[in-house]
Each structure stands twice: as C-alpha cells, then as structure tokens.
Amino acid sequence: MSQETRQEQAHCNNQQRFVFPDVKMIAQQLVKAIYNSSDTDMKHIPYRRTIDVCGGVDTVVDAILSSIDPDIRELEGCEVTVEV
C-alpha cells in the first residue's frame, strides 16, 4: 500500500459519518414547534398568527422546502462525512 493510500485512509477514518436527515420532517418539526410554542420569550412575536395567515403549517413547510436547493434534498438518507 502506498503512502498516499495510507494517508487517504487515515483521513477517511478521522471523519465523522452520519445519515443526512429528511429535510421535510425537520422543517415540519420546526414549524410545528414554533406554532405550538408556549415559550414566554416568544410570546411577543405572533408566530402562530403569521403561520395561520400564510396558510398554515403545511403551506409554510412547503415554502421552506421550495427554497432549499434540490442538490441538498438529494442528500437525504445518504451517509455523509464531516471532517473533524
């Protein structure tokens, strides 16, 4: 095995691996959490009313998803690495 191959393998072993999450599920959880929040620090901002005026949770989630690059969405379910 060449020195270069050993270095590449060592580099790969030093990377943290994870499965890229389902973006729609994350967006739904986030919007629902904001919509249903009873956090007193957030009471001064009318998130619930704003989400309702925009068409509801599903419409807001769809708007969020439409702004995400399709190349990012293609990573869903794939194992990816992050250099540590």
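The values are calculated or read from the model by the stated rules, or taken from the named source; none is laboratory data. Because the structure is predicted, anything quoted here is derived from the model rather than measured. Virtual Cβ from ideal backbone geometry, glycine too; neighbours counted across all protein chains shown.
At a glance:
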| item | result |
| --- | --- |
| Complete set of residues in the range 53-84 that are on the phi < 0 side of the Ramachandran plot, without any contact (Cβ under 8 Å) to a residue 12 or more places away in the chain and not acidic (Asp, Glu) | 53, 54, 59, 63, 66, 67, 70 |
| Filtered residues of the range 26-64 (kept if farther than 30 Å from residue 74 by Cβ and among the β-branched types (Val, Ile, Thr)) | 40, 45, 50, 53 |
| Extreme residue, surrounded by the fewest Cβ atoms within 10 Å (Cβ to Cβ), among residues of the range 29-84 that are among the charged types (D, E, K, R), more than 20 Å from the chain's Cα centre (by Cα) and in a loop (DSSP other than H, G, I, E, B) | 39 |
| Neighbours by Cβ (under 9 Å, 6+ apart or cross-chain): first from the range 9-25, more than 21 Å from residue 75 (Cβ to Cβ) and at pLDDT below 90; second of a type in the set (Lys, Arg) and surrounded by 11 or more Cβ atoms within 10 Å (Cβ to Cβ) | none |
